[in-house]
Structure formats: structure tokens, C-alpha cells
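Comments concern the structure below.
Any read-out appearing in this document is the output of simple, stated calculations on the displayed coordinates, not a laboratory observation. The structure displayed is predicted, hence computed values, not measured ones. Glycine gets a Cβ as well: all are built from the backbone with ideal geometry, and neighbour counts include every protein chain shown.
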Protein chains: 4
Amino acid sequence: MNAEPKYHFASDNTSGICPEAWQALEECNAGYHPSYGADAITAKACERFRDFFETDCEVFFVFNGTAANSLSLASLCQSYHSVICSDLSHVETDECGAPEFFSNGSKLLTAKSSLGKLEPADVERLITHRNDLHYPKPRALSLSQSTELGTVYRPGELAGLCGLVKQHGLSVHMDGARFFNALAGGTASPAEITWKAGVDVLCCGGTKLGMAVTEAVVFFDKALARDFEYRCKQAGQLCSKMRFISAQWQRILTDNVWQTHASRANGLARKLADGLGKIAGVQILYPVDANAVFARLPDALKLKLKSCGWQFYSFIGGGSRLMCSWATTETDVNAFLADAGQS
Amino acid sequence: MNAEPKYHFASDNTSGICPEAWQALEECNAGYHPSYGADAITAKACERFRDFFETDCEVFFVFNGTAANSLSLASLCQSYHSVICSDLSHVETDECGAPEFFSNGSKLLTAKSSLGKLEPADVERLITHRNDLHYPKPRALSLSQSTELGTVYRPGELAGLCGLVKQHGLSVHMDGARFFNALAGGTASPAEITWKAGVDVLCCGGTKLGMAVTEAVVFFDKALARDFEYRCKQAGQLCSKMRFISAQWQRILTDNVWQTHASRANGLARKLADGLGKIAGVQILYPVDANAVFARLPDALKLKLKSCGWQFYSFIGGGSRLMCSWATTETDVNAFLADAGQS
Amino acid sequence: MNAEPKYHFASDNTSGICPEAWQALEECNAGYHPSYGADAITAKACERFRDFFETDCEVFFVFNGTAANSLSLASLCQSYHSVICSDLSHVETDECGAPEFFSNGSKLLTAKSSLGKLEPADVERLITHRNDLHYPKPRALSLSQSTELGTVYRPGELAGLCGLVKQHGLSVHMDGARFFNALAGGTASPAEITWKAGVDVLCCGGTKLGMAVTEAVVFFDKALARDFEYRCKQAGQLCSKMRFISAQWQRILTDNVWQTHASRANGLARKLADGLGKIAGVQILYPVDANAVFARLPDALKLKLKSCGWQFYSFIGGGSRLMCSWATTETDVNAFLADAGQS
Amino acid sequence: MNAEPKYHFASDNTSGICPEAWQALEECNAGYHPSYGADAITAKACERFRDFFETDCEVFFVFNGTAANSLSLASLCQSYHSVICSDLSHVETDECGAPEFFSNGSKLLTAKSSLGKLEPADVERLITHRNDLHYPKPRALSLSQSTELGTVYRPGELAGLCGLVKQHGLSVHMDGARFFNALAGGTASPAEITWKAGVDVLCCGGTKLGMAVTEAVVFFDKALARDFEYRCKQAGQLCSKMRFISAQWQRILTDNVWQTHASRANGLARKLADGLGKIAGVQILYPVDANAVFARLPDALKLKLKSCGWQFYSFIGGGSRLMCSWATTETDVNAFLADAGQS
């Protein structure tokens, strides 16, 4: 008999809303507020972002990562442009053609990636290998931070890639579905791994950090944000009761709430990797820079874990993926490791 | 000195989340659940819809009304088709071209509308006045229930319009941003004012009924729902933490919660209209079938109310619009009427 | 018994290719030439345009007017923008939603037009009546020259409209399907009724002037032409055997060929109008500034003409439309008038 | 000093219009004809296609191959669907994202191809490797006939691929930019390598066969052609002076004109390959089934040929491509071979 399915490590979106975000929701529920973002809470949340990134950026809230990525790429590209990204990038592999849809046809050009990170030489080849008008003109670079393999670009790596593509006139988009995990995984400041390194627009993940139904789109190059509010509205991404989104952001960017949650998730991922790494036959595939563990598990072990109810996937990166979130506890990790037979 | 602004009647989306929806959110927050709608709560919520409409319909949850309307119209139309709607319809006047965007170009053909409702003769003229390929081919009728002027189509009116357009091969879309108010405003059953009258797809408003961030798309013609889950995903309308949407729906369709809230809003709208109607110079413009009051107010009265802080708009229908919601109280209405000088 | 149908006046595209264009085709048919516009003939044709307009404009050749108009509007607008045009404009009434398709959703906002021409007050109202993000933001003005009713904007009228909309940040598109007829109908120079008056992009009609399968898109604001060659390619509007298009243009812009044909068509249209105007019960509806005659014909007369085989349409402007082209002869006009019973 | 550039073998679209097509143009130029395809010539041309394919197919004429391929794929797919094709296919490599544009986002999934032809196992893998809604759903197979490497699918190969994908519910599109060369290269009938093998829609190349500015879209599955005339119109692909397109088709499908031209081009390509193959260091890369020769040329030879003025490209297939067309003569081939030093 199989155990009850356990979704703890299946993804970082199987968990709920963290206590701080919950409290923010509760507080903003009272009374009447102007809709569509004209409320005071939303203004404050945007201000909080500008403090956080130490720059006068433009901030927009949308419902999910697919929309955040696709709309920001569409603001960089016309339909006949192309976007350079990793062959493992979420925009390429898991958004059902959303970037192509919102841009009305921009093509994604993919490069093989080492540990989930793009290499400058590969990027340059994609920019330069065709320059005739029978092929879409490269116009944007899309990076994931942390990457889909749980690794994190260092500031120097980012600056190198951004500098390179800007020489060729491209803009830089960062898919930060797990941006806070990437941030908590290093020592650089928010500014240092974004606009100071050359990122023009960041999609900043809220849902996976512990919020409900929101991502922020942050334009460091404000010229690119022109009329973006119209784009969001037309694309079905303008929330009427916006305060329920912005209040969460305001709270999570206060008192380093983001850091508490992201750091704990990262720490537990490392603990999980360390534990698994001690089991015979298990291979940890990539550096655990953030909140994801990729491990090659012996078939027998996989079977055993599944029979204990643990749910996890092997859809990417050649191994099993285990995700930690704000909600993951030391107990969860220990239980998993115990079932995995580590002693 | 002006008073603090009061958004009570400015729209039915200035209010928060109703207690029942809130409780549902709270209950589903615990633990880990499969994402993207594969959870048990979502399955139950869909089942609840099928009970509610007494038919085997297909149900999808999206984030807002713009998306619900646009995606369902896109599933009815190809880019070279057209949609017939009222010149006052929300899809025409307040969605920033979203139907055209999601359908990649379907044109809206508008008819003047009497009391917000389309007339069969006008609809037929739009269907038949051009049949050459230099003009988009009519493919769908879009009705709002309740209408943008707060009126409600009777079952016979619906059946007449639906029957007419189906003779010409069109499908029928209903914009039900305030569907529950329309329902509570009459005696017909949910089935009677939808699929039994000929509606093929209903966008069923959650936000204005007292939920956060959700509308349901209900396909009564299941063939039209083919691959709609892909359409939602690609369009950035698939919620990863879906349970936070579906749990609200499950609750609101239980124990007639929807009715309690919608009826009270409707009742208070009528009370507001009755009160205003007694004031000299005030003209109530349309039947108050649901939760909206449209009134022509003397300029002095408008000024007085605004100086008391009351926020309301005059963007449609030639008068001032006052909306009641689940959160409106008798006290709110009395306060407004008192400020309006009614004794 | 009905006569053989006669399409002489049904449209200005029922005629064939004029002798000069034909000769150009013949000459360029010999030998091998680089494809996709890299040939010398195409370079010369573009140069000819720059001479013609006395300015350093960017020139692109596409296959028809629907493409020319839609692609140039798409280069002015994003999907959430809108285009202001006459309710009689071809882009609104006869392109099957092509502008919406190519722009991925830009809405056309229409104004009633007097004699086919837009009035500044109407245009300004459309620009200013909404400025919230629930409605597409006006971004371009589209004018037809000559208009769909056969009238021609004077330089001062154009300058007034262009000046007005530029104050509001809009660009100006001119649908010149019959540009040469408009030009031949007045005394202004090509430059004076285009860029000197404020037009940013002109769609310059070749087919109706006597060529096969081509329109030119002329950008006077070269910044707007950025990457337009990619847009054409992606949109299926890049001709591989381009010389067969450009050779015609080169010839037609030489030795005032355009003027010979356009003037004759205009002159015969005036003759036709004069003749019809003398018949009892016939009303000439609009000034015959170019090559179109709109006439209200008594039913009996219409019947008589149709029984003689004459084909013409009543789809616009409230009357019957009769078009003259490069191919129309004095004999044709006399034959029509004779059948119309004018003596 | 370099010689005058010679474009004879650079592509099969550097040549002009063949005598038979020219004569057809000349004949149809006289008089007035109904526009937009309502003329008798167009009706006859469609009828000719039905005879040619021995079936009641639907036929549409568009301006070029990019449009033909993209519009027909868009009629098979919704935006969230995907198209399986070779990584060398023209739709993937040389249409600047047109398929994605016209379909509003359909993704192309590419397989490596052996000799330009898809292998069933690769196709099946692409169909089955993902079946979650985060990835576009495969909906069409696109084959090129002849392929971009100049090879030709045999009827059995086609039937195998078509049968396979139809089991999975996909439709089959054939890019026949060089369909007549493929046909002339084998012994199968037009029907046998199209609908009898399972092809649903064929894009039938006219330009490369010796016509000006036209491809035909032939729907063997007539249900897929529903409203396709509207799609063409909206997409800027409806020719007003249609007779200039259809008259060429009518002629080319008469008296086996197509065969004369295609066979000669194929024969000269084989002659060219045979000659080149005798030169030391030259490697003919693929079977010369149609009118293309791919050869690996020693650098010195390449240089020598270029200095003689010969233009050719190395953009695909790892070698130099030399194309023959209806216009190629034995003299051309001999001249090229002489310059190549073959004796």
C-alpha cells in the first residue's frame, strides 16, 4: 500500500502563503480602497522596491511568472526580433509558447548551457551567426537568476554577459522567479546583481517566495517601461483589487522578511543535498546555490521514496529535482532523508 | 476642507474579500498541495459549478474579467472573425483592446443598446449587412449579464437573441462580471439564464462578488473548450497555487453564499435608488435590476456629495454610477442619502 | 436578355497593367538578378522616390494596400495603442481587420467624416475623451488621400490635422491607394501634401495607378522605418523577384507617367460626373477631386444601366460609385452616358 | 579585377518569368475583369488544380512562400499548438519567424534530419516527449518536398510519416516551394505524393517554377480550408488584380509546361553535379533528386569560381548550394564547369 502523497519537495509552489504575507492580506482587507492600483498601499509597495534596489525603477505587479516574463520580453522586442536564452530556460521549456504569443512571434534562440548558465561565446555566436533579414534579429538576452538548475550567476558573470550583448544593441531581461533565493545565496546586493550588472528589466518572483498570485516586473531602464501599464491592462494582468497583491510585497520587502524565508529555504536545500550526497549511489548534479537540489538517484531509491509518498520530478537537468520553500522545515528534510535511508 | 475620500459606491471592486471566501483561503493555506489545479480542492470547485448549472460543463479559473472575456472570445473566433456586442459593453469600452489582442485581431461590431440590452433587429443587421470577405465574418455574440447599465436580460430576451444568432452560425458569450447579481435579481435558475437560453460560454465574475483575483470561465458547449487549458497557460492565466482561487469558489457556491451577498447588494442598490429618487431634480436612469444605480444628479448635489468625500464616476450611461457590493451596509446607504440631503 | 457584364467603372482595379509598366516588366525579365531587393533596379526605384518627394525617405515595396497600410500602422503602434480614422476609411471598412491583425490588437477609433475628410474637432475629441488605461491610447492618425469619397485634402487641411495630432504625440499615416489621383487633382507638389504637411508614412498605391501587385511604403520619418524590412519579411511581404515590382515603379515615376495616367482618369471622372449631372433625377454627391464619381441614381436609371451590363456598387457613401482608371477611355465614358440616356 | 557577378546558380529565384507564364500575363492584360478572384480565369485555374491532383481540393493564391506556409500552418494550429519540422526547414530557418507571427505564437519543434528528410522515430519523440500543458501541444507536421537539401521524399516515406502523425491527431503540411521539381524528379503522380500519402495542405511553389509573385495553397482536407479566404484577405494576401496570378497558373498546368521546366532544371542540376563530381577534391553532399546541388568545394576552387563572378551560398547543409531553374541552360552549366576547371 502506497503512502499519502507528499508534495513538500515537488516544487516551491506547493506551499501556501507565508505568515507575513498573510497578515498583510488581513490588514488590507478592511474598508474600501481605490481599484486598479490607485490605492496608497500600492504606491508604498513600489516605493519599497525603489529603496530595495537603490534606484528609481518602475514597478508593475502581475499575476504570475509566465505573464511577467512574456510581457517584459514583449516590451523589449517586436514580433520580428529574437530572444537569446538557455535551452533549459523556463521561457523556452515551460511557458507553452507564451513569449511567442505575447510578442506576436518573437523567436527564442537557445544555447546549450553549462550548469544552467549561459556562456558568453555561445551567446555571441547566436547574435552574430545570421544577420540577414530572413532570420529574426536578436534583440534581448534572457537570463534566469537563480537558474533552472538551482545555480546562481555571480555579479561578474552577469556583467560579462550584459556587457557583451549591449555592444550588439540587445537589452537584458532577468527571469527572477527565484530571485530572492539567488540573492540570499550570495553576498551581492540587490542592485549589484541587477541594474549595476546591466539588467534592464527584472521579473521578480513573489509566489515562490511565499505570496499568493503575484510577480513584480521591475524596469531599471525606465524608457523600456513606457506605456507598460497599458500592456498589462490589455493582457489581462491588471488586478482590480490590487491592494491584495501590493500589500504582500510591501510586507515582504520590510524587515528582511524575504531574506529570512529565502535563506532558510536555501539552507535546507543544502542540508538536503548534504544528506543525500552521503547515500551510496546518489550523485548531486549541480552546485546548490539556491533552493533547488538536483540529484541522480538510484532507481531503487527513487522507488522507495515514491512508495513513501514523496512526489518529485525528473523533467529537467537529467536527475530528480527537490525544491525547498519558505514552508520547508528541518523536520521535513529529516523525514525525507530518513526515508531515503540516510542514517 | 474636503472630507476623506469614500470609495464605498465608486465600484463593486473597491471592497475586500467577503468572510466566507476569507475563511476558505485560510483553510486551504495549510500544508502542501499539487500546483496548477491538480489539487483536490480545484476538482471539487469545478464539480460545484456543474451542480450549480445542472449540466456537465467545463470550468476554468483565470485571474480577472479581461482575461476571462478575451480568452473565451478567442476560443470562439479566429482573427478574421468579428464579435457583435453593445456599444456600452465592457469588452468594447474598458478592456484596452484585450479581445482584439487575445484573438489576434477579431473586430468588435457594436450596436446601440436600449437600456444596455441588445435588440435582435440591431444584431441581425450587423450579422447580415456585409457578407463579403473584405469585412470580418461575424462569429460570436457577446452579451453582458447584468448589463453595464445594471439591467438584467430576462430568459425570453436571451433565448430570442441566442436563437437568432445561432440561425446564422454564431456562438454566444456572456460577460457575467456581475452574473450573480443578475441571477439574484430575477427568479430564473442559473441554467435558465445560461445554457438553456443558448449561452455557450459564461464568464462568471468572482471578484465583484467578494472574492480576490478570480473569474470562472464556464463552457456549456464543451466542444468549444477544447485545449482551453493550453490557451490559459500560454496567456499567463494559469495559477500555480490554484487552490487559493478554487477554494473561494467552492465556498461561495455552497450554502447559497453567493445569493446572500448578491441579494443584499441588489437590495441596497434599490434602496439607494429609491432614496435618491425622492430628491428633487434627481432622475434614476435605468431599472435597478442588479447592484448598480445610474442617476442624473443636479450639479449642486454632485458637488455636495463630492465635498463629503463620496467618490463616483460618470463615465458611462449619461449619469452618475453608484455600485453596491457584498460589503455595502444599510448604514453606508443611509449615510450617502443623508449627505444627499434626503430626509 | 442581359448584356455582357462591363467592369469598366466597377473599380479602378478591374483594369490591367498600363503600357509603361508592362514595358518595364518586359525589360527586367531578361537575365539573372539578385533576389529580395538586392538588385540594382530596386535601388534605382527607391532613389526615384527620393527625387520625387525631394527628401531622404525610406522606401519599401509590398504586394498590396492591405499590407502597406497594416504594416505601416503596426510600425507606429503597439497592440495597446489606437488609430484614429474616418468611419468610411478603407482600413476600417474593407480590410477585414488587417490593421488589428498586424498590430496584434490596435483598435481603430472612428469619427464621422464630412465628405470623407476628418474634422480637427472630431479628431481631438477622440484623442482626449479617454485618458485612462482601460482604453487604448491614441498613437496614430490615419488619413486617406484621395478619400474613399473621391475628395482630396488640401495642404492646409492636412497641415491642420497633422499639427493638431502631433501636439498630442501621435504620428500620421496616409493611405494613398489613390495618392497619384489626389496629386494630379491639385496643384501642390508631392512634398507639400505629404511630409511638408506633417505626414510620417505614406502608403503609395501602385495597383490602381496601372501596375500589377504593388504598393510602396514611404517613411518620411526615417526613425519609424527601423527594422521595417524585417517586418515585411516576417509578414510575407518581401518579394523574391523584387525587380518585377520595382521596375514598374521606376518607370512610372519617370517622365511623369504617373501624371499622364492619373490626370486622364481624373478628367474622365469629371466628364462622367458632368454628363450624369445633367440627367434628371441624378445627384452628384461629392466633389470630384480625383477619379471617383458618387452619384445618387434614380432606381429606373440604375436598372437600365445594369441591364446594359454596367457593373457598379453602392457600398459606401450612400450612392453609386463609378471609378475611372488609367485604362478608361473617352469612348467608355460616352458609352456609359449614352446608355444612361444623356443626350 | 573581378568579373561581373553571375547569379545564374545563386538561387532558383534569380531568374525571370518563363515564356509561357509571360504569354499568359500578356493575354489576360486586355480589358476589364472582376477583381479579387471573382474572374473567370481564376475559376479556371482552380479547376486546373483539381484536375491536376485528381481530387476536389480547395485552391487559394497568395503572393509568396512565406505567406503560403505561414497561413496554412495558422489554419492548422492555434497559438498554443506546435509544429514539428526539420531543423533545416525553411519555415524554421528562413522566414524570420513568420509561422510564429501568423499563428500568433505556435512554436516550431525541430528534429535533426537525415538528408533533409524527417525520420519517423524523431517525429514521434517530439510528439510524445511532453504531454503537459506547460509545453505547446503538437498539432501539425511540416514537410518540405523537395527538401531544403534537394532530396525528395518517396511516396512510402511520406505515407509512413503521415500515417504516424495522424495516429496522434496531427495534420500534415507540405512546403512545396519546389514541389514541381520534386514531382519531376520521381515517377509518382501529383496525387500520390500529396493527398494519397496523407498530406492535408500543400503550398505549391510558383515563383521558383518560373512565375512572378505567386504560390498556391491547396487544401486536400477541405474542412481545414474553412474561411481561408478571409484569412488571406486579412493577412494582406488577397490580390486585387488576381487574374495576373491565376492566368500564369492556368497556363503552367496546361500541356505539362510545369514538367518541361522542372525536368530540365533537374536534369541540368544532375549534369552540374556529375561534372563537379569529377573534379578533384569536390564532394557532392546529397542525392540530386531535384534542382539543387550541394557540394563541398575546395577553398581554392571556391575562390576561383567567385573570381569568375559566380555567386553561390553556403548557408545550409555544410556546403555550397547551386540551384538550377527553368531558365538555366546547358551553356550556363558548361560555362560554370569550365570555370571550375573540369575538362
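Over all directions, the average projected area of the alpha-carbon convex hull for the stretch C:19-252 comes to how many nm²?
On the way: hull surface 47.6 nm².
Mean orientational projected area (the stretch C:19-252, Cα hull): 11.9 nm².
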**Message:** So the label point sits 7 Å from Cα along the Cα-to-Cβ vector; using that for residue D:278, what distances do you get to the other copies, in nanometres, sorted shortest first?
**Reply:** 7.7, 8.0, 11.1
**Fill in**
Plugging the Cβ-Cβ distance of residue B:38 and residue B:114 into 1/(1 + (r/R0)^6) at R0 = 45 Å yields, to the nearest 0.05, a FRET efficiency of 0.45
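Hey, could you get me the Stokes-Einstein D for the stretch D:89-149, Kirkwood radius over alpha-carbon pairs, 25 °C and 0.890 mPa s, rounded to whole µm² s⁻¹?
194 µm²/s
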**Residues whose placed amide H lies under 5 Å from that of residue A:309, excluding near-sequence neighbours** = A:3
**Complete:** Taking placed amide H atoms and a strict 5 Å upper bound, the residues 5 or more places from residue C:86 or on another chain that come that close are C:111
**Request:** Using only Cα atoms, locate the centre of the stretch D:118-194 and the centre of the stretch D:1-52, then give the distance between them in Å, rounded to an integer.
**Result:** 28 Å
**Request:** Quick one: of D:208/D:278; B:6/C:137; A:107/B:107; A:166/B:107; B:6/C:112; A:233/B:196, which pairs are farther than 31 Å apart, Cα to Cα?
**Result:** A:166/B:107; B:6/C:112; A:233/B:196
**Request:** Take peptide A:131-144, look around each residue's Cβ out to 10 angstrom, count Cβ atoms belonging to other protein chains, and average those counts.
**Result:** 4
**Request:** Per residue of the stretch B:100-116, in order, report the coupling 6.51 cos²θ - 1.76 cosθ + 1.60 (Karplus, θ = phi - 60°) as ³J(HN,Hα) in whole Hz, putting x for Gly and Pro.
**Result:** 5, 5, 5, 8, 6, x, 4, 8, 8, 9, 9, 10, 4, 10, 8, 6, x
**Prompt:** By the gyration tensor of its Cα atoms, with a ≥ b ≥ c the square roots of the eigenvalues, what is the shape of the stretch B:1-149: rounded for a/c under 1.5, prolate for a/b over b/c, or oblate?
**Reply:** oblate
**Asked** So how many Å³ per residue does the convex hull of the Cα atoms of the stretch D:212-343 work out to?
**Response** 160 Å³
**Message:** Closest beta-carbon to the C-to-A rotation axis: which chain C residue owns it, and what is the separation in whole Å?
**Reply:** C:104, 2
**Complete:** Among A:36, A:72, A:84, the residue whose Cα sits farthest towards the positive end of the charge dipole of the stretch A:1-84 (+1 at Cβ of Lys and Arg, -1 at Cβ of Asp and Glu, taken about the Cα centre) is A:84
**Request:** Using the Karplus curve 6.51 cos²θ - 1.76 cosθ + 1.60 with θ = phi - 60°, work out ³J(HN,Hα) for each residue of the stretch A:223-229 in order, rounded to whole Hz, and write x for Gly and Pro.
**Result:** 4, 6, 8, 3, 6, 5, 5
**Request:** On a C-alpha basis, how far is the centre of the stretch C:209-277 from the centre of the stretch B:277-325 in Å? Whole number, if you could?
**Result:** 55 Å
**Asked** Given DSSP loops and a limit of at most 12 other Cβ atoms within 10 Å, what is the longest stretch of chain C that contains no such trypsin sites (Lys or Arg not before Pro)?
**Response** C:113-277
**Prompt:** Which residue, A:183, A:118, A:305, has the most motion in a Gaussian network model of chain A that connects Cα atoms within less than 10 Å?
**Reply:** A:305
**Asked** When the helix-only estimate is applied to chain D (DSSP H runs of n ≥ 4, each -39,500 (n - 2.57), divided by the residue count), what is the mean residue ellipticity at 222 nm, nearest 500 deg cm²/dmol?
**Response** -11000 deg cm²/dmol
**Fill in**
Highest GNM mean-square fluctuation among B:197, B:269, B:290, for chain B with Cα springs under 10 Å, belongs to B:197
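Using the Cα gyration tensor of the stretch A:64-180, with a ≥ b ≥ c the square roots of its eigenvalues, what is the shape: rounded (a/c below 1.5), prolate (a/b larger than b/c) or oblate (neither)? Show your work: numbers first, answer last.
On the way: a/c = 1.66, a/b = 1.11, b/c = 1.50.
Oblate, since a/c reaches 1.5 and b/c is not below a/b.
Using the crude model of +1 on Lys and Arg Cβ and -1 on Asp and Glu Cβ, and no other charge, please compute the dipole size for the stretch A:19-252 relative to its Cα centre, in debye to 20. Each step should come with its number before you reach the end.
Numbers: 22 positive and 27 negative charges, 49 e Å.
Charge dipole, the stretch A:19-252, about its Cα centre: 240 debye, nearest 20.
If you place +1 on the Cβ of every Lys and Arg, -1 on the Cβ of every Asp and Glu, and leave all else neutral, what size is the dipole of the protein assembly as shown about its Cα centre, to the nearest 20 Debye? Don't skip to the answer; put the middle values down first.
On the way: 128 positive and 144 negative charges, 1 e Å.
So the dipole magnitude of the protein assembly as shown works out to roughly 0 debye.
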**Request:** Would you mind checking the radius of gyration and Dmax of the protein assembly as shown based on alpha-carbon positions, in Å?
**Result:** 32.9, 112
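How many percent of Cα pairs in the stretch C:138-221 exceed 23 Å?
Numbers: 528 of 3486 pairs.
Taking all Cα-Cα pairs of the stretch C:138-221, the fraction more than 23 Å apart is 15 percent.
Summarise the partner chain shielding of D:72-82 as one whole number: the mean count of Cβ atoms from other chains within 10 Å of each residue's Cβ.
On the way: counts 0, 0, 3, 1, 0, 0, 8, 15, 14, 5, 2.
If you average over the peptide's residues, the count of other-chain Cβ atoms is 4.
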**Peptide B:226-233, shielding by other chains (average Cβ, 10 Å cutoff)** = 6
**Message:** Apply the Karplus curve 6.51 cos²θ - 1.76 cosθ + 1.60, θ = phi - 60°, to the phi angles in the stretch B:42-48 and return the couplings in whole Hz, x for Gly and Pro.
**Reply:** 5, 4, 5, 4, 5, 4, 4
**Prompt:** Quick one: label points 7 angstrom along Cα→Cβ at residue A:30, distances to the other copies in nm, smallest first?
**Reply:** 2.7, 9.1, 9.1
**Exam field: residue C:56 pseudo-label spacings to other copies (7 Å along Cα-Cβ), nanometres** = 3.4, 6.2, 7.0
**Fill in**
residue B:274 and residue A:316 label points (each 7 Å along its Cα→Cβ direction) are spaced in nm at 5.9 nm
**Message:** If the elastic network links every pair of Cα atoms under 10 Å, which of A:200, A:12, A:274 fluctuates the most in the Gaussian network model of chain A?
**Reply:** A:274
